[in-house]
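Okay, so here's the structure we're looking at.
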Amino acid sequence: MYGLQIAPQALVCKNTIIEGDIQIGNGTVVHVGASIIAKNGPIIIGSNNIICERATIINNHNIPLVIGDDNLFETDALVGGCGIGHRNIVQVRGKVYGSCVVGNNCVVGAACTTEPSDNIPDNTVLFGSPQARRTRADGNTDHIAMHRKHLEYIHEMLPRYNHIVEAD
């Protein structure tokens, strides 16, 4: 992989910071002001992710940072770990640090931070101050349905009001 590769159905706004070897999957949306920086290793972003304004995804590791499908990275989220599974939410000002790996169907709550060497198991919710953990029991079906509707709306509205980077 070399440079920026954007899948045909992805939407990437022109006013974003994108540096290094990055692959953006089908249906993924990168909002204005988001940053995706592959400093040492490449970043591979799956399908149907939403990367909101001022969210930062950075790879400081020599191995690829692989992000799965159907994730939501809210405003001011920071992801610098070693891997993110599918159907996760990193809420406003949530941080995934160091060599942390996040499983599937997880939530990093608002202003919550992972430990640098954490492995967050599937269905884990980090929340509160002081920070606590619990296992979600809802099966994540509400998030999946809402995520799909959110993506449909963004794909319709974002190109009307923003300049979009052309796909490969």
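The values are calculated or read from the model by the stated rules, or taken from the named source; none is laboratory data. Small disclaimer: the values here were computed from a predicted structure and weren't measured. Here the Cβ positions follow ideal geometry from the backbone for every residue, glycine too, while neighbour counts run over all protein chains shown. Each accessible area value is taken on the protein alone, full model and side chains, heavy atoms only, with ligands, DNA and RNA left out. Shrake-Rupley method; radii C 1.70, N 1.55, O 1.52, S 1.80 Å.
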Filter the range 60-99 for residues that are open to solvent by less than 50 Å² (accessible area, probe 1.4 Å), of a type in the set (A, V, I, L, M, F, W, C) and at pLDDT 95 or above and give the result. Leu65, Ile67, Leu72, Phe73, Ala77, Leu78, Val79, Ile84, Ile89, Val90, Val96
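Here is a yes/no grid of residues against (1) in contact with a Lys or Arg (Cβ under 9 Å, 6 or more places away or on another chain); (2) on the phi > 0 side of the Ramachandran plot:
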{"position": "Ser47", "(1), (2)": "no, no"}
{"position": "Ile51", "(1), (2)": "no, no"}
{"position": "Arg54", "(1), (2)": "no, yes"}
{"position": "Asn60", "(1), (2)": "yes, no"}
{"position": "Ile67", "(1), (2)": "no, no"}
{"position": "Glu74", "(1), (2)": "yes, no"}
{"position": "Val79", "(1), (2)": "yes, no"}
{"position": "Gly85", "(1), (2)": "no, no"}
Residues Ile57, Ile154: which one is open to solvent by less than 30 Å² (accessible area, probe 1.4 Å), under 15 Å from Ile22 (Cβ atoms), among the hydrophobic types (A, V, I, L, M, F, W, C) and not in a loop (DSSP other than H, G, I, E, B)? Ile57
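So that you can scan it fast, the table gives a plain yes or no per residue for (1) outside any strand (DSSP E or B); (2) within 11 Å of the chain's Cα centre (by Cα); (3) more than 26 Å from Asp118 (Cα to Cα); (4) not aliphatic (A, V, I, L, M):
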position	(1), (2), (3), (4)
Tyr2	yes, no, yes, yes
Gln9	yes, no, yes, yes
Val32	yes, no, yes, no
His86	yes, yes, no, yes
Arg93	yes, no, no, yes
Within the range 121-140, does at least one residue satisfy the condition of being of a type outside the set (Val, Ile, Thr), open to solvent by less than 60 Å² (accessible area, probe 1.4 Å) and in contact (Cβ under 8 Å) with a residue 40 or more places away in the chain? yes
Filter the range 38-50 down to the residues that are open to solvent by 30 Å² or more (accessible area, probe 1.4 Å) and over 21 Å from Tyr161 (Cα atoms), then identify the one that is farthest from the chain's Cα centre (by Cα). Asn40
Just to check your reading of the model, which residue among Val32, Val12, Val102 is at pLDDT 95 or above, open to solvent by 50 Å² or more (accessible area, probe 1.4 Å) and of a type in the set (A, V, I, L, M, F, W, C)? Val32
Would you pick out the residues in the range 149-168 that are of a type in the set (Phe, Trp, Tyr) and over 16 Å from Ile50 (Cα atoms)? Tyr161
Total residues in the range 99-138, condition of a type in the set (A, V, I, L, M), part of a loop (DSSP other than H, G, I, E, B) and within 19 Å of Asn59 (Cβ to Cβ): 0
